[in-house]
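Novice: The structure's right below; bear with me while I get my questions together.
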Amino acid sequence: MTHNLLYLASQSPRRRELLTQLGVSYELLLADAGEDAEALEAVLPGESPDAYVQRVCALKADAALQRRIRRALPDAPILTSDTTVCRDGEILGKPADVTDAVRMLSALSGTTHRVLTAVTVVSGQGQRHALSISHVTFRAMTAAEIDAYVASGEPLGKAGAYGIQGRAAEFVERIDGSYSGIMGLPLFETAALLREAGLRF
């Protein structure tokens with residue numbers, strides 16, 4: 001079965017930009033006010049970053065499918081994605097506050113970390129999954145540089161307390177992997193999943 005419509009279950013403006021870059025038209029399928037989307041992102045005890053990001057992404061897809069059914073919307077593939085930054089096995093989620101953002105960036109300074117982005121496409125043929133793994137090396141940053149970057153407000157609300165497409169680009173010495181995956185939606189893997197689900201674009 002082929003489809004012209006895709007539902008995107010994500011509030012991320014970067015994921016919207018990346019889908020548009022692919023030439024994919026989509027409609028947003030965002031959570032209802034009563035849904036506890038944050039609860040899906042709780043880390044289980046002893047859970048590895050790789051297992052975590054894939055589990056959360058699949059849970060988001062399940063929730064989005066129930067949302068589509070509940071709203072009696074037309075059947076079409078649903079795309080969800082989740083990005084996690086990790087260093088030495090520690091998951092660096094969205095910083096709780098400015099202090100937390102400074103802590104995370106200080107830990108990433110002068111080191112290489114992993115960025116994991118899971119993608120799930122749920123359609124009539126079931127769920128399809130992909131995992132993009134990239135390595136990002138930050139140059140050493142001074143405390144003043146970290147403070148100035150945090151003061152810009154950009155790190156808040158972002159996994160690992162930075163956005164590679166923004167001001168943090170000046171700290172990135174090397175990338176091994178998918179730039180779009182680090183932004184939040186690996187286009188190579190996403191395009192393949194969407195075509196498998198019958199989406200035309």
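Novice: Which number in (1) free of Cβ contacts under 8 Å to residues at least 60 places away in the same chain; (2) part of a loop (DSSP other than H, G, I, E, B) marks the one condition that Gly163 misses?
Specialist: All conditions pass for Gly163, except number (1).
Novice: Also: How many of the residues in the range 1-22 are part of a loop (DSSP other than H, G, I, E, B), out of contact with any Asp or Glu (no Cβ under 8 Å at 6 or more places or on another chain) and open to solvent by less than 50 Å² (accessible area, probe 1.4 Å)?
Specialist: Number of matching residues: 3.
Novice: Right, another one. Determine whether Asp50 is among the acidic types (Asp, Glu) and modelled with pLDDT of 95 or more.
Specialist: yes
Novice: Of the residues that make up the range 112-135, is at least one without any contact (Cβ under 8 Å) to a residue 24 or more places away in the chain, surrounded by 15 or more Cβ atoms within 10 Å (Cβ to Cβ) and within 26 Å of Glu41 (Cα to Cα)?
Specialist: Looking through the range 112-135, none of the residues is without any contact (Cβ under 8 Å) to a residue 24 or more places away in the chain, surrounded by 15 or more Cβ atoms within 10 Å (Cβ to Cβ) and within 26 Å of Glu41 (Cα to Cα).
Novice: What tally of residues in the range 166-201 results from selecting those that are in a helix (DSSP H, G or I), within 22 Å of Thr80 (Cβ to Cβ) and among the aliphatic types (A, V, I, L, M)? Break it down into steps so the answer makes sense when it comes.
Specialist: Step one: filter the range 166-201 for residues in a helix (DSSP H, G or I), giving 167-171, 179-183, 187-196.
Still in the list and also within 22 Å of Thr80 (Cβ to Cβ): 179-183, 187-196.
Narrowing further to those that are among the aliphatic types (A, V, I, L, M): 182-183, 187, 191-194.
Summing the residues that are in a helix (DSSP H, G or I), within 22 Å of Thr80 (Cβ to Cβ) and among the aliphatic types (A, V, I, L, M) in the range 166-201 gives 7.
Novice: I would also like to ask the following. With out of contact with any Gly (no Cβ under 7 Å at 6 or more places or on another chain) and within 20 Å of Ser178 (Cα to Cα) as the only criterion, which of Leu59, Leu156, Leu105, Leu79 stands out? Lay out the reasoning, then the answer.
Specialist: Numbers: Leu59 fails: within 20 Å of Ser178 (Cα to Cα); Leu156 fails: within 20 Å of Ser178 (Cα to Cα); Leu105 fails: within 20 Å of Ser178 (Cα to Cα).
Just one listed residue meets the conditions, Leu79.
Novice: Can you pull out every residue in the range 168-193 that is within 17 Å of the chain's Cα centre (by Cα), open to solvent by less than 20 Å² (accessible area, probe 1.4 Å) and not small (Gly, Ala, Ser)?
Specialist: Ile182, Leu185, Pro186, Thr190, Leu193
Novice: Turning to a different aspect of this structure: Report yes if some residue within the range 49-58 is surrounded by fewer than 16 Cβ atoms within 10 Å (Cβ to Cβ) and free of Cβ contacts under 8 Å to residues at least 24 places away in the same chain; otherwise report no.
Specialist: Yes; the residues of the range 49-58 include at least one that is surrounded by fewer than 16 Cβ atoms within 10 Å (Cβ to Cβ) and free of Cβ contacts under 8 Å to residues at least 24 places away in the same chain.
Novice: Just to be sure before I move on: is Ala33 open to solvent by 80 Å² or more (accessible area, probe 1.4 Å), among the hydrophobic types (A, V, I, L, M, F, W, C) and modelled with pLDDT under 95 in the structure I sent? Lay out the reasoning, then the answer.
Specialist: Values: open to solvent by 80 Å² or more (accessible area, probe 1.4 Å): yes; among the hydrophobic types (A, V, I, L, M, F, W, C): yes; modelled with pLDDT under 95: yes.
For Ala33, the condition - open to solvent by 80 Å² or more (accessible area, probe 1.4 Å), among the hydrophobic types (A, V, I, L, M, F, W, C) and modelled with pLDDT under 95 - is met.
The values are calculated or read from the model by the stated rules, or taken from the named source; none is laboratory data. Owing to the predicted nature of the structure, the values given are computational and were not obtained by experimental measurement. Using ideal geometry, Cβ is built from the backbone for each residue, glycine included, and neighbour counts are taken over all protein chains shown. In case anyone asks, the SASA skips ligands and DNA or RNA and just uses the protein heavy atoms, side chains included. Shrake-Rupley method; radii C 1.70, N 1.55, O 1.52, S 1.80 Å.
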